1. On the given criteria, is ALA23 within 23 Å of MET129 (Cβ to Cβ) and over 16 Å from the mean Cα position of the chain (by Cα)?
2. With out of contact with any Leu (no Cβ under 9 Å at 6 or more places or on another chain), more than 30 Å from THR120 (Cα to Cα) and small (Gly, Ala, Ser) as the only criterion, which of GLY10, GLY41 stands out?
3. Would you be able to say whether some residue in region 39-58 is of a type in the set (A, V, I, L, M), surrounded by 10 or more Cβ atoms within 10 Å (Cβ to Cβ), farther than 17 Å from TYR7 by Cα and under 24 Å from the mean Cα position of the chain (by Cα)?
4. Return the only residue of SER95, SER61, SER87 being in contact with a Lys or Arg (Cβ under 6 Å, 6 or more places away or on another chain), surrounded by 13 or more Cβ atoms within 10 Å (Cβ to Cβ) and in contact (Cβ under 8 Å) with a residue 12 or more places away in the chain.
5. Please go through region 98-121 and pick out each residue that is in contact (Cβ under 8 Å) with a residue 24 or more places away in the chain and either surrounded by fewer than 10 Cβ atoms within 10 Å (Cβ to Cβ) or of a type in the set (Gly, Ala, Ser) (or both).
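Since every read-out is calculated from the coordinates, none of them should be taken as a lab result. A quick note: this is a predicted structure, and the numbers were derived from the prediction, not measured. All Cβ positions, even for glycine, are placed from backbone atoms using ideal geometry, and neighbour counts span all protein chains on display.
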Amino acid sequence: QAGDCGYLDGQGVRLEVTDTTRAAGQHLHHVKVLEGRVSEGDSLRASVDSQVRQRTRLNHSATHLLHAALRRVLGEHVAQKGSLVDSERLRFDFSHHQGVSAAELKAIENLVNAQIRANTVVSTRIMSME
């Protein structure tokens, strides 16, 4: 899933955060300097682009709906093999023993759209990768 975007602002400094990642237990901010110069010890205020975050959250939820619909239409053997989720799109890689027919694709689409229209309350849980 894509990291957050936003800004880091300080006295005479403005950085655009284009991505956030984590490596070796550290949170990393990938930035583009818009104004000024950052020095060690500078204080910066972080702000998240809430619109980008919300669109990413919606696409993340859609991957769960899609996975459930795939398993319902194609069978319980369907397993997620990878995905890409950002604010503009999602990609969901899955295993299946044959191509998906037009009728199956339509059934999957209908199930996902029905869940979206149901407007079910969504909850957030932080879980381990296990």
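1. Details: within 23 Å of MET129 (Cβ to Cβ): yes; over 16 Å from the mean Cα position of the chain (by Cα): yes.
Yes, satisfied.
2. When all the criteria are applied, what remains is GLY41.
3. Applying the first criterion (of a type in the set (A, V, I, L, M)) to region 39-58 yields 44, 46, 48, 52, 58.
Next cut, surrounded by 10 or more Cβ atoms within 10 Å (Cβ to Cβ) only: 44, 46, 48, 52, 58.
Narrowing the set further to residues that are farther than 17 Å from TYR7 by Cα leaves 58.
Still in the list and also under 24 Å from the mean Cα position of the chain (by Cα): 58.
Yes, the conditions are met somewhere in region 39-58.
4. SER87
5. If the condition is that a residue be in contact (Cβ under 8 Å) with a residue 24 or more places away in the chain and either surrounded by fewer than 10 Cβ atoms within 10 Å (Cβ to Cβ) or of a type in the set (Gly, Ala, Ser) (or both), then ALA107 is the only one that fits.
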